[in-house]
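Undergrad: One structure, pasted below without further comment.
A short reminder: the numbers here are calculations on the coordinates, not readings from a lab. No experiment lies behind these values; they were computed from the predicted model shown. Please note: Cβ atoms are built from the backbone with ideal geometry, for glycine as well, and neighbour counts cover all protein chains shown.
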Amino acid sequence: NAGVTQTPKFQVLKTGQSMTLQCAQDMNHEYMSWYRQDPGMGLRLIHYSVGAGITDQGEVPNGYNVSRSTTEDFPLRLLSAAPSQTSVYFCASRASGTGGSGNTIYFGEGSWLTVV
Amino acid sequence: AQSVTQLDSQVPVFEEAPVELRCNYSSSVSVYLFWYVQYPNQGLQLLLKYLSGSTLVKGINGFEAEFNKSQTSFHLRKPSVHISDTAEYFCAVWKTSYDKVIFGPGTSLSVIP
């Protein structure tokens, strides 16, 4: 069981370049989200999705786009990278609801992104 | 707005000494509470969680946490730390009627030999 898979693990971008961070889960989870982690700020929610075709903004959505065409995949797009987007990005998923496995959040291994 | 405060950004402690990592949250409604650990260059691993019932929750690696509703706290404790406990620890709060999980800024635990 692969769980939550993120790619790439490391990436260096030049300012203004675009890229997509991939996230896939094989647990048939409805809820998926993207966080960024910065020193002293913990994890901040960028975007999240409660199911295929449904996305919403989190705390820090500016500069990022998402889509959810399938239950399994939730890619995060940087359209024009900026040095302020240098961070570690985590994808997470969970089942819907709060009972049973719905209260367990599964994280990917992280993607280290540097924008120069 | 819901927030999570971890009062200590860094906690140095000697090996085999006890440790407490503090977490306070702001919410007037029922919540789920979590502690996660992150080892260097790795993802987040769930240590323990409080959903309901007993206010003392035991987790992996000898950690435990106590939910205090009146003080809106969920402090993490371990009676005797090991070198391998050196990591970043995150408290997280999930308001059950709200579909987002909010993380605290993290506490860096350094265990000194």
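Undergrad: All other residues with a Cβ under 13 Å from the Cβ of B:Leu21 taken together, and with Lys, Arg as +1 and Asp, Glu as -1, what is their net charge?
TA: -3
Undergrad: Which value, in debye to the nearest 20, gives the size of the charge dipole of the protein assembly as shown about its Cα centre, when Lys and Arg are +1 and Asp and Glu are -1 at the Cβ? Could you put the intermediate results ahead of the total?
TA: Numbers: 15 positive and 17 negative charges, 70 e Å.
The dipole of the protein assembly as shown has a size of about 340 debye.
Undergrad: Still on this structure, please answer the following. Summing Lys, Arg as +1 and Asp, Glu as -1, what charge do residues with Cβ under 10 Å from the Cβ of A:His29 carry, A:His29 excluded?
TA: Net charge around A:His29: -2.
Undergrad: Still on this structure: As a test, work out the antiparallel percent of DSSP beta bridges whose residues both lie in the protein assembly as shown, rounded to the nearest 5. Before the final figure, lay out the partial values.
TA: Values: 68 of 77 bridges.
Among the beta bridges of the protein assembly as shown, antiparallel pairing accounts for roughly 90 percent.
Undergrad: Okay, next question. Between A:Asn62 and B:Ser80, how high is the FRET efficiency from 1/(1 + (r/R0)^6) when r is the Cβ-Cβ distance and R₀ = 45 Å? Nearest 0.05.
TA: 0.50
Undergrad: Using the Cβ atoms and a cut-off under 14 Å, what net charge is assigned to the surroundings of B:Thr86, where Lys and Arg are +1 and Asp and Glu are -1?
TA: Every neighbour counted, the sum reads -3.
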